[in-house]
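Okay, so here's the structure we're looking at.
The values are calculated or read from the model by the stated rules, or taken from the named source; none is laboratory data. Because the structure is predicted, anything quoted here is derived from the model rather than measured. Cβ atoms come from the backbone with ideal geometry, glycine included; neighbour counts cover every protein chain shown.
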């Protein structure tokens, strides 16, 4: 992923209406599904402790619902583990370049 223009950030809302800002760190497509990896973004209001395991990589999948792209959580622990491993491989390959 090129950072020629800087990092990409999104703001998402959970089912309770709480908003979170996330920084996109990677995108992969697996079996026709697009997965995106994010880290919580530090903002003026929020100082992120990256040593806290609650602040680790967040993986969401992009799905289309009623003609709109939405982000969804992964369906199973097995799917999450598989996609996490693929993202880690991708990140390590980029680090070696």
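Things worth noting here:
- Criterion violated by residue 17 - all others in (1) within 15 Å of the chain's Cα centre (by Cα); (2) modelled with pLDDT of 85 or more; (3) part of a loop (DSSP other than H, G, I, E, B) satisfied: (1)
- One residue stands out among those in segment 50-91 that are surrounded by 10 or more Cβ atoms within 10 Å (Cβ to Cβ) and part of a loop (DSSP other than H, G, I, E, B): the one that is modelled with the highest pLDDT, which is 74.
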